[in-house]
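Taking it in order: structure first as structure tokens, then the write-up.
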Amino acid sequence: MTVRPAVVADAPAVASVHVQTWQAAYRGLVPDSELDGLSVEARTSMWERAIPRGGVWVGLVDSAVAGFIAVGPSREPDAAFQLYAIYVLPSAWSTGLGYELARAALGAEQDVVVWVFDENPRARRFYERLGFRVDGLEKTETIDGVELKEIRYRLTGVAG
């Protein structure tokens, strides 16, 4: 298992992980119509634009991208840094890859926030093991007509 900063050539693999993981992790929570309509091609284009800006790391298993994390300055006015996405293929769940990605990307950041679907216990446990705590903020995201509650977690102090 290796973690390194992403390069533009990783975009198709990152997009594939993104789509596959959404379809596996969110089935039963996010409407099937949304999950079935996800496009690796569209996500590839998005990641080709995002990766050069920095803050994207990939996790490799047997030299293939099996996970990624995207971090950067927070869009939230009360936080310095934000974890925007972390996804690991189901075949690499519970292997420590997610932890290694978080450790590499968060480094010594002192104040990090992340939004999580309230009804996603696997993700919530993962963030709690990293030291994130619910900070009391909530919002609702509507996906294909379904309202999904998100809760915000915050990490203060050095990660990892």
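The values are calculated or read from the model by the stated rules, or taken from the named source; none is laboratory data. Note that the structure is predicted; figures quoted are calculated from it, not measured. Ideal geometry is used to build each Cβ from the backbone, glycine not excepted, and the neighbour counts take in all protein chains shown. Just so you know, the surface numbers come from the protein's heavy atoms only, side chains and all, with ligands and any DNA or RNA stripped out. Shrake-Rupley method; radii C 1.70, N 1.55, O 1.52, S 1.80 Å.
Being closer than 28 Å to Gly136 by Cα, out of contact with any Lys or Arg (no Cβ under 7 Å at 6 or more places or on another chain) and open to solvent by 50 Å² or more (accessible area, probe 1.4 Å) holds for only one residue in Pro52, Pro77, Pro90, and it is Pro77.
Each residue in the range 93-109 was checked for being more than 17 Å from Val17 (Cα to Cα) and surrounded by fewer than 16 Cβ atoms within 10 Å (Cβ to Cβ), and 2 of them qualify.
Against the conditions (1) in contact with a His (Cβ under 9 Å, 6 or more places away or on another chain); (2) closer than 25 Å to Glu109 by Cβ, Val40 satisfies every one except (2).
Pick out the one residue from Glu119, Glu147 that is of a type in the set (D, E, K, R), open to solvent by 30 Å² or more (accessible area, probe 1.4 Å) and part of a strand (DSSP E or B). Lay out the reasoning, then the answer.
Working: Glu119 fails: part of a strand (DSSP E or B).
It is Glu147.
Summed over the range 122-144, the residues that are outside any helix (DSSP H, G or I) and surrounded by fewer than 16 Cβ atoms within 10 Å (Cβ to Cβ) give a count of 12.
May I ask you to verify whether Gly37 is open to solvent by 40 Å² or more (accessible area, probe 1.4 Å) and over 14 Å from the mean Cα position of the chain (by Cα)? Give the steps one after another, and end with the answer.
Values: open to solvent by 40 Å² or more (accessible area, probe 1.4 Å): yes; over 14 Å from the mean Cα position of the chain (by Cα): yes.
It is true that Gly37 is open to solvent by 40 Å² or more (accessible area, probe 1.4 Å) and over 14 Å from the mean Cα position of the chain (by Cα).
Residues in the range 15-34 include at least one that is farther than 25 Å from Asp118 by Cβ, surrounded by 14 or more Cβ atoms within 10 Å (Cβ to Cβ) and touching a helix residue (DSSP H, G or I) at 6+ places or on another chain (Cβ under 9 Å).
Highlighted here are the strands (runs of 3 or more DSSP E) found entirely within the range 23-112 that include at least 3 residues which are more than 16 Å from Tyr153 (Cβ to Cβ): 56-61, 64-73. Among the residues of the range 3-31, write down those that are over 10 Å from Trp47 (Cβ atoms), of a type in the set (D, E, K, R) and in contact with a Phe, Trp or Tyr (Cβ under 9 Å, 6 or more places away or on another chain). The one that is over 10 Å from Trp47 (Cβ atoms), of a type in the set (D, E, K, R) and in contact with a Phe, Trp or Tyr (Cβ under 9 Å, 6 or more places away or on another chain): Arg4.
Could we say that Val8 is of a type in the set (Val, Ile, Thr), open to solvent by less than 40 Å² (accessible area, probe 1.4 Å) and at pLDDT 95 or above here? Full working, then the answer.
Values: of a type in the set (Val, Ile, Thr): yes; open to solvent by less than 40 Å² (accessible area, probe 1.4 Å): no; at pLDDT 95 or above: yes.
No: the conditions fail for Val8.
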